[in-house]
Amino acid sequence: MACEGRKTSDDKRGGQRVDFYFVYYDENDEFCYVALDYVDLRQYFSRQRIDPEGIAIVVEADEAFVFVGCERTDSLFCLKIGKDRVISWVGVVPVGVRPEGVKAFAVDGSIYCLSANENADGLFGSISLCGLN
């Protein structure tokens, strides 16, 4: 879940993170519980306002790749979740102005991500295509 956040009482902005919910089952494949983990994206940028907007997940070879459109940084952020549910940083790539919509997909073992980008002046948007090596 991309958590853009809102202003707090001290005029800062909360959120600015990505939340993950993992569902666990017992040995009979019956639901047991949900665990929450999160990544605060501010630790990877030199600013306090990132505004994560769109999010997309694609699974390839027992790993999940999570792409997040970060509106205030004009970039896509990528995380990887392994089989052991450990979340790790993959990278950040600049895209068009203010990415919002994000789609990810795999083709022949390669991972791709599309972002739909606003434009600062509101006239023309753009679409960015990124590949993960």
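Do we have any residue at all in region 24-34 that's open to solvent by less than 100 Å² (accessible area, probe 1.4 Å) and within 25 Å of Val102 (Cα to Cα)?
No, because not a single residue in region 24-34 is open to solvent by less than 100 Å² (accessible area, probe 1.4 Å) and within 25 Å of Val102 (Cα to Cα).
Quick one: count up the residues across region 74-113 that are touching a strand residue (DSSP E or B) at 6+ places or on another chain (Cβ under 8 Å) and closer than 21 Å to Asp19 by Cα.
Looking only at region 74-113, we keep the residues that are touching a strand residue (DSSP E or B) at 6+ places or on another chain (Cβ under 8 Å), and these are 74-83, 85, 87-106, 109-113.
Filter again for closer than 21 Å to Asp19 by Cα, leaving 74-83, 85, 87-93, 98-105, 113.
Residues meeting the conditions: 27.
Is region 69-82 home to any residue that is open to solvent by 80 Å² or more (accessible area, probe 1.4 Å) and modelled with pLDDT of 90 or more? If you could, list the steps in order and put the result at the bottom.
Our first condition is that a residue be open to solvent by 80 Å² or more (accessible area, probe 1.4 Å); within region 69-82, this holds for none.
There is no residue in region 69-82 that is open to solvent by 80 Å² or more (accessible area, probe 1.4 Å) and modelled with pLDDT of 90 or more.
Here's a check for you: in region 93-113, which residue that is part of a strand (DSSP E or B) and open to solvent by 60 Å² or more (accessible area, probe 1.4 Å) is farthest from Gly69 (Cα to Cα)? Give the derivation first.
Here is the first cut: in region 93-113, the ones part of a strand (DSSP E or B) are 93-94, 99-107, 110-113.
If we keep only those that are open to solvent by 60 Å² or more (accessible area, probe 1.4 Å) as well, we get 94, 103, 105, 107, 112.
Numbers: Pro94: 10, Lys103: 10, Phe105: 15, Val107: 21, Tyr112: 14 Å.
If we take residues in region 93-113 being part of a strand (DSSP E or B) and open to solvent by 60 Å² or more (accessible area, probe 1.4 Å), then Val107 is farthest from Gly69 (Cα to Cα).
Taking the stated definitions as given, is Pro99 under 11 Å from the mean Cα position of the chain (by Cα) and at pLDDT 90 or above?
On the way: under 11 Å from the mean Cα position of the chain (by Cα): no; at pLDDT 90 or above: yes.
Answer is no for this residue.
Taking region 1-11, which residues are within 26 Å of Phe67 (Cβ to Cβ) and open to solvent by 100 Å² or more (accessible area, probe 1.4 Å)? Full working, then the answer.
Start the filter on region 1-11 by keeping residues that are within 26 Å of Phe67 (Cβ to Cβ), which leaves 1-6.
If the condition is that a residue be within 26 Å of Phe67 (Cβ to Cβ) and open to solvent by 100 Å² or more (accessible area, probe 1.4 Å), then Met1, Arg6 are the ones that fit.
Could you figure out which of (1) without any contact (Cβ under 8 Å) to a residue 12 or more places away in the chain; (2) under 21 Å from Cys130 (Cβ atoms); (3) aromatic (Phe, Trp, Tyr) isn't true of Tyr33?
The number of the failed condition is (2).
With the checklist (1) open to solvent by less than 100 Å² (accessible area, probe 1.4 Å); (2) outside any loop (DSSP other than H, G, I, E, B); (3) in contact (Cβ under 8 Å) with a residue 24 or more places away in the chain in hand, flag the one item Arg49 doesn't pass.
Arg49 satisfies all of (1) open to solvent by less than 100 Å² (accessible area, probe 1.4 Å); (2) outside any loop (DSSP other than H, G, I, E, B); (3) in contact (Cβ under 8 Å) with a residue 24 or more places away in the chain except (2).
So which residues in region 56-75 are in a strand (DSSP E or B) and under 13 Å from Val97 (Cβ atoms)? Reasoning before the result, please.
In the first step, residues of region 56-75 are kept if they are in a strand (DSSP E or B); the result is 56-60, 63-70, 75.
Of everything in region 56-75, those that are in a strand (DSSP E or B) and under 13 Å from Val97 (Cβ atoms) turn out to be Gly69, Cys70, Ser75.
The values are calculated or read from the model by the stated rules, or taken from the named source; none is laboratory data. All values derive from a computational prediction rather than experimental measurement. Counting neighbours? That spans all protein chains shown, and the Cβs are built from the backbone with ideal geometry, glycine included. The area values use the complete protein model at the heavy-atom level, side chains included, leaving out ligands, DNA and RNA. Shrake-Rupley method; radii C 1.70, N 1.55, O 1.52, S 1.80 Å.
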